[in-house]
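One structure is given here, and the rest of the page talks about it.
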Amino acid sequence: MNYYVLLLTFFSSMGYSQKQMDEKATPQTQNSYLQPAFQLTQKAAFELLNRANQQATNLNKRVSIAILDNAGNNLVLAKGDDVGPHNTEAARRKAYTALSTKTATWVLLRNAEKNSDTKNLTTLPELLLLSGGCPIWYDGKVIGSVGVAGGGSPENDDRIAKAASLPEYGITTTN
């Protein structure tokens, strides 16, 4: 009889401890391990490319353009006709710089020149502090970036990059 009481106590305590463990494992808030994130679609990336290309055409320029997602992956990387091959990589690095710093490269470049502490940004291998890179914003969050190279001047690259936006959908190059 004592054997059965001991066995019954053992099994009932196992069930109780398991229940306690399950309750502790349940997250207190449902989103403590997840964040909602907006993702640029391929369709959006091509439309952003088209809008930047239209601005380049308006300026009578041919450029290379990179559109990155929020993780820095290439969505579109297009070399402009008769544009030097180095410009394609420069466009990607400008986009990466804008994405990782959440700052237009034109602004970043100007701030780095003024502040001796930020001049070290030029030593990071992937960052490129040349104008023509802009973060792409939606609802206050960076969802990607655009980089432009080969426009003939820092002002042109910046102007063309800023044109890569879809304001009618809330997707812009300014926050």
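Just so you know, all these numbers are worked out from the coordinates, no wet-lab data involved. Model, not experiment: these values are computed from the prediction. Glycine also receives a Cβ, built like all others from the backbone with ideal geometry; neighbour counts cover every protein chain displayed.
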- [ ] List the residues whose amide H sits under 5 Å from the amide H of GLY151, counting only those 5 or more places along or on another chain, with H placed 1.01 Å from N in the peptide plane.
- [x] ASP157
Open item on the list: Quick check on the exposure proxy: order SER145, SER100, SER64 from fewest to most C-beta atoms within 10 angstrom.
Closed with: SER100, SER64, SER145
Task: Backbone HN-Hα couplings from phi across region 62-78 [Karplus 6.51/-1.76/1.60, Hz, Gly and Pro as x] - done: 10, 9, 9, 9, 10, 10, 10, 7, 6, 9, x, 7, 5, 9, 9, 9, 10
Task: Length released on extending from SER32 to ASP139, taking residue separation times 0.36 nm less the Cα-Cα span - done: 36.5 nm
Task: Karplus-derived HN-Hα couplings along region 48-54 (A = 6.51, B = -1.76, C = 1.60, θ = phi - 60°), whole Hz, x at Gly and Pro - done: 4, 4, 4, 5, 5, 4, 5
Open item on the list: So for region 102-175, considering every pair of alpha-carbon atoms, how many percent are separated by more than 14 Å?
Closed with: 60
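Highest first, please rank the peptides 114-125, 147-158 by the mean number of other Cβ atoms sitting within 10 Å of their residues. Don't skip to the end; give the middle numbers.
Working: 114-125: 10.0, 147-158: 22.7.
Descending mean neighbour count gives 147-158, 114-125.
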- [ ] Give the relative contact order (percent, whole number) for region 42-172; include only Cα pairs under 8 Å separated by 6+ residues.
- [x] 29
Open item on the list: Please compare each pair in LYS61/LYS119; LYS61/LYS141; LYS79/LYS119; LYS43/LYS141; LYS79/LYS141; LYS79/LYS114 to a cut-off of 25 Å on the Cα-Cα distance and tell me which ones are over it.
Closed with: LYS61/LYS119; LYS61/LYS141; LYS79/LYS119; LYS79/LYS141; LYS79/LYS114
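Within a 10 angstrom radius of the beta carbon, how do VAL142, VAL107 rank from fewest other beta carbons to most?
VAL107, VAL142
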